[in-house]
Amino acid sequence: MEDSAKVAVLVSGGGTNLQALIDKIREGRLEEAKIVKVISSRPDAFALERARKAGIDTAVAAEQDEVLKELKASGADIVVLAGYMKVLPPEIIESYRNRIINIHPSLIPKYCGKGFYGMRVHRAVIEAGEKESGATVHYVDEGVDTGKIILQRRVPVIEGDTPETLAARVLETEHEILAEGLKEVIKNIKKDEGGK
Ligand code: GRF
């Protein structure tokens, strides 16, 4: 892997996590990474607009074989799922084993897996009366939110929180730990490659 790891980011929605990576790279706080492509599962994802504004190559790929083709074409070393709402097929997991990471808005293994995404996560946390929630960066394997955890950070649930107010607080932490988690993964890959 070259000095800056080539990163492809998979998105489906607003792209605030993508924006956090773009901003940190621009501010020189994530020099280890270079975003080479943003691939969206939906043509109307605002994340695509964020990528275009940052001069990053974009693609829309609804079918998984298209996703693999776009990933290969991008030359990405690492794949980041940032608000990506599809489950990757085994051939993509296999092609990028231990090089795909995801950001999830809860303290995995709580409130994750099938059906736990976006506002549903925060609603379940509040309905359960939890005093804290958080965000998790983890490797992606064949399961849903089941890969090895890289980094987690706790976030308080405040009296009177709605799913929306909790989501906003957790999202801030997501933005921080996604970049930290990506740094960690790049370091691990370089170590495995013997610091080539
Ligand atoms: C975030 O809560 C993320 O954890 C989840 O999707 C939400 C939106 O992410 N996967 P983004 O603003 O599109 O990055």
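Things to note:
- Two-site FRET efficiency, Asp192 against Lys86, from Cβ-Cβ distance with R₀ of 25 Å, rounded to 0.05: 0.35
- Remark: spin-label model distance Ala128-Thr16 equals 2.2 nm, labels positioned 7 Å along the Cα→Cβ axis.
- Share, in percent, of DSSP beta bridges within region 57-162 that are antiparallel, nearest 5: 80
- FRET efficiency, Phe46 to Lys114 (Cβ-Cβ, R0 30 Å, nearest 0.05): 0.70
- 5 Å-binned pair-distance histogram of the chain (Cα, whole percent): 1, 8, 17, 21, 21, 16, 9, 4, 2, 0, 0
- Centroid-to-centroid separation of region 142-196 and region 23-48 [C-alpha atoms, Å]: 16
- 0 to 90° range, to nearest 10: angle between helix 163-192 axis and the chain longest Cα axis: 30
- Cross-link partners of Lys183 among lysines (Cα-Cα below 21 Å; sequence separation of 8 or more within a chain): Lys6, Lys24, Lys34, Lys37, Lys148, Lys191, Lys196
- Residue order, fewest to most beta carbons within 10 Å, for Ile101, Ile158: Ile158, Ile101
- Length added when fully stretched, Arg26-Gln64, from 0.36 nm per residue minus Cα-Cα: 10.7 nm
- Sorting 66-73, 114-121 by average packing, meaning the other beta carbons within 10 Å per residue, from highest down gives 66-73, 114-121.
Computed from the coordinates by the stated procedures, all read-outs in this text should not be read as laboratory data. In this text the structure is predicted, and so the values were computed from the model without any measurement. Neighbour counts run over all protein chains shown; Cβ positions are idealised from the backbone, glycine included.
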